[in-house]
Amino acid sequence: MTTSTGEAVQFWLLGIVAVLGALGTVAMKKAVHSALSLAGTMIILAVFYLANGAYFLGVVQIVVYTGAIMMLFLFVVMLVGITAADSLRETIRGQRWMAALVGIGFGVLLIAGLGNASVHSFTGLGQANSGGNVEGLARLIFTTYVWAFEITGALLITAAVGAMVLTHRERTERAATQRELAERRVREGAQVPPLPAPGVYARHNAVDIPGLLPDGTPAELSVSKTLRARGQIRDVSGEALESLRELEQRSERHAEGEGESGPAPANGANSANGANSANGAAK
Amino acid sequence: MNPINYLYLSALLFTIGGAGVLIRRNAIIVFMCVELMLNACNLAFVTFARLHGNLDGQIFAFFTMVVAAAEVVVGLAIIVTFFRSRHSASVDDASLMKL
């Protein structure tokens with residue numbers, strides 16, 4: 001029995017994409033991009049399951065893996081997200097190269113081992129799937145593998161309870177009331193009045209722009225803690241000084257153009273102007 | 001085309017996943033690489049089922065999926081708990097069982 005040409009074309013096209021997705025999972029710097037690459041690889045694997053006659057598993061792969069598990073991954077990435085940037089600093093020197101080398105060596109061994117296998121013909125699932133793939137799987141699960149199936153149920157229950165126990169957090173003390181918080185602030189003497197508001201009134205009132213102190217430096221406290229942690233503060237203090245200088249220059253130029261009694265331009269670019277001022281000097 | 005190509009692909013994906021587990025430091029990405037390895041094994045199981053002409057390989061892949069789902073639930077819960085106590089998802093910081 002052999003496979004069709006269509007299946008070969010599908011294998012080579014999608015196989016390359018699957019490997020690229022796997023490489024992307026390993027190489028992408030951001031966890032979200034890794035998750036998306038992995039989701040692509042998993043969808044392609046589902047297509048391969050379908051091509052291999054595993055119709056039930058193909059659908060389960062899409063529903064359970066790309067649907068549930070990858071969404072769970074994305075959920076945790078969003079939860080852990082911001083500060084979970086992968087540090088590119090190696091804690092063990094040369095560890096990355098060694099790991100890549102070990103990986104390549106392992107892959108060569110595995111693939112060379114497969115190359116020695118003599119698989120020239122295969123049986124195919126035509127007979128096994130004749131009564132329907134799902135029916136065939138159900139017959140096996142509920143006869144030969146029924147004990148494993150029961151144990152799996154216990155495992156799933158344990159996993160659900162374990163996840164709840166791990167992530168549940170009991171509040172051990174009463175939450176402080178507003179009055180208590182205010183009293184604590186006064187007692188500690190740090191920042192008794194409300195925090196300063198963000199924004200520079202004349203030009204910007206966005207929340208990511210710190211208010212300016214009397215000396216023109218930005219007041220970090222006026223921006224929310226989250227934006228500060230992300231480094232998303234837009235500092236406009238320099239901008240204000242810059243525009244002030246520009247304004248001064250412009251008004252100076254304006255005054256020069258209007259008032260003829262101003263000092264003569266040193267370069268004498270405008271000859272008429274120069275003559276004028278020379279006249280004034282002669283008078 | 002010989003179905004053994006599926007086995008080659010499976011070996012390749014497994015190797016990439018294993019290398020990822022060794023290389024990456026972010027616990028979530030390490031976990032994703034483990035999932036990739038499990039998926040590669042499933043592909044091998046499904047291919048073996050086709051080579052041998054019976055459905056036992058598919059049953060094994062099915063059980064692998066169930067176990068992987070349970071593993072993901074507990075593993076991600078551990079990562080979330082770890083992140084809460086240490087404000088980091090790096091495997092380098094996980095050197096102690098207790099803070």
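The values are calculated or read from the model by the stated rules, or taken from the named source; none is laboratory data. On a predicted model such as this, the values are computed, not experimentally measured, just so you know. All Cβ positions, glycine included, derive from the backbone under ideal geometry; neighbour counts span all protein chains shown. Just the protein is used for accessible areas: all its heavy atoms, side chains included, with ligands, DNA and RNA removed. Shrake-Rupley method; radii C 1.70, N 1.55, O 1.52, S 1.80 Å.
Would region A:1-83 count as rounded, prolate or oblate if I go by the C-alpha gyration tensor, calling it rounded below 1.5 in a/c and otherwise prolate when a/b exceeds b/c, oblate otherwise?
oblate
What total accessible area, in Å², is buried where chains A and B meet, using a 1.4 Å probe and rounding to the nearest 100?
Answer for the A-B pair: about 7100 Å² buried.
Could you give me the radius of gyration and the Dmax of region A:131-218, taking only the C-alpha atoms into account and expressing both in angstrom?
Answer for region A:131-218, Rg first and Dmax second: 30.4, 84 Å.
What Rg and what Dmax come out for region A:179-235 when only alpha-carbon atoms are used, in angstroms?
Answer for region A:179-235, Rg first and Dmax second: 13.1, 38 Å.
Rounded to a whole number, what is D in µm²/s for region B:43-99 from Stokes-Einstein with the Kirkwood radius over alpha-carbon pairs (25 °C, 0.890 mPa s)?
It comes out at roughly 178 µm²/s.
Take the alpha carbon gyration tensor of region A:87-182, find the square roots of its eigenvalues, order them as a ≥ b ≥ c, and report rounded if a/c is under 1.5; if not, report prolate when a/b exceeds b/c, else oblate.
Because a/c hits 1.5 or more and a/b fails to exceed b/c, region A:87-182 counts as oblate.
For region A:196-234 and region B:19-38, what is the separation of their C-alpha centers, rounded to whole Å?
For region A:196-234 versus region B:19-38, the Cα centre distance is 40 Å.
When only C-alpha pairs under 8 Å and at least 6 residues apart count, what is the relative contact order of region B:1-88, in percent?
Here the relative contact order equals 26 percent.
When the helices in chain A are scored as -39500 (n - 2.57) per DSSP H run of 4 or longer and the sum is shared across all residues, what 222 nm value do you end up with, to the nearest 500 deg cm²/dmol?
-19000 deg cm²/dmol
In 10 Å bins starting at zero, report the fraction of Cα pairs in chain A per bin as a rounded %.
Spelled out bin by bin, chain A gives 5, 11, 16, 17, 13, 10, 10, 8, 4, 3, 2, 0, 0 percent.
Taking each residue of A:178-189 in turn, how many C-beta atoms of other protein chains fall within 10 Å of its C-beta, and what is the average?
0
How big is D for region A:28-158, in µm² s⁻¹ as a whole number, if Stokes-Einstein is applied with the Kirkwood radius of its Cα pairs at 37 °C and 0.692 mPa s?
172
Running a GNM on chain A with Cα contacts under 10 Å, which residue among A:Ile92, A:Ile209, A:Ile62 ends up with the highest mean-square fluctuation?
A:Ile92
Considering chain A as a Gaussian network with a 10 Å cut-off on Cα pairs, which listed residue, A:Ser34, A:Ser224, A:Ser121, attains the greatest mean-square fluctuation?
The residue with the greatest mean-square fluctuation here is A:Ser121.
If you filter region B:8-99 for trypsin sites (Lys or Arg not before Pro), then keep DSSP loop positions with at most 15 other Cβ within 10 Å, what is left?
Sparse-neighbourhood loop trypsin sites (Lys or Arg not before Pro): B:Lys98.
Can you give the relative contact order of chain A as a percent, counting alpha carbon pairs under 8 Å and 6+ residues apart?
Contact order relative to length: 9 percent.
Using only helices, what value at 222 nm comes out for chain B when you add -39,500 (n - 2.57) per DSSP H run of length 4 or more and divide by the total residues, to the nearest 500 deg cm²/dmol?
Rounded to the nearest 500, the figure is -27500 deg cm²/dmol.
Report the rotationally averaged projected area of chain B based on its alpha-carbon convex hull, in square nanometres.
Averaged projected hull area, Cα only: 6.9 nm².
Which residues' amide hydrogens lie under 5 Å from the amide hydrogen of A:Leu213, considering only partners 5 or more residues apart or on another chain, with H built in the peptide plane?
Residues meeting the criterion, in which the H sits 1.01 Å from N, are A:Ala219.
Report ³J(HN,Hα) in whole Hz for each residue of region A:126-138, in order, from the Karplus equation J = 6.51 cos²θ - 1.76 cosθ + 1.60 where θ = phi - 60°; Gly and Pro get x.
Values per residue, Gly and Pro as x: x, 6, 5, 8, 5, x, x, 5, 5, 5, x, 5, 4 Hz.
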